[in-house]
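The values are calculated or read from the model by the stated rules, or taken from the named source; none is laboratory data. Quick caveat: nothing in here was measured; it's all calculated off a predicted structure. We place every Cβ from the backbone using ideal geometry, glycine too, and count neighbours over all the protein chains shown.
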Amino acid sequence: MKTYKVCQSCSMPMKKDPQGGGTNADGTKSNMYCSLCYGNGNFWNSEIDSAEEMREFVKVKLKEMGFPGFLTGFFTRGIPKLERWKK
């Protein structure tokens, strides 16, 4: 099973996840999604249904954390290439 370095939904580094990853429906740790995006086999932010919406959501969160605007764009540029958003 592949281990991902970043969440395949929001691109947060998995090592920064306070829970060490989300949880699958069977209770096992997800090695694909962080605990802020995924738990009990479901996405917490199910109303976000496109990579662009996720990108905007993450940019707002990063700005709330004090990151400058140019960095929010840099940190979120790869979201459309993540597994959750591949069509």
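Miscellaneous remarks
- Of the numbered criteria (1) over 13 Å from the mean Cα position of the chain (by Cα); (2) loosely packed, with under 15 Cβ neighbours inside 10 Å, the one residue 20 fails is (1).
- The lone exception for residue 34 - which of (1) crowded, with 19+ Cβ neighbours inside 10 Å; (2) over 24 Å from residue 60 (Cα atoms) it fails: (2)
- Residue in the stretch 51-62 that is of a type in the set (Gly, Ala, Ser) and assigned to a loop (DSSP other than H, G, I, E, B) present: no
- Selection count where residues are touching a helix residue (DSSP H, G or I) at 6+ places or on another chain (Cβ under 9 Å), assigned to a loop (DSSP other than H, G, I, E, B) and modelled with pLDDT of 95 or more, scope the stretch 37-48: 2
- Complete set of residues in the stretch 1-12 that are within 19 Å of residue 54 (Cα to Cα) and either in a loop (DSSP other than H, G, I, E, B) or basic (Lys, Arg) (or both): 4, 5, 7, 8, 9, 10, 11, 12
- Condition check for residue 32: among the aliphatic types (A, V, I, L, M), within 22 Å of residue 3 (Cβ to Cβ), in a loop (DSSP other than H, G, I, E, B) and in contact (Cβ under 8 Å) with a residue 24 or more places away in the chain: yes
- For the stretch 13-26, the criterion of being in a loop (DSSP other than H, G, I, E, B), closer than 18 Å to residue 62 by Cβ, modelled with pLDDT of 95 or more and aliphatic (A, V, I, L, M) is satisfied by no residue at all.
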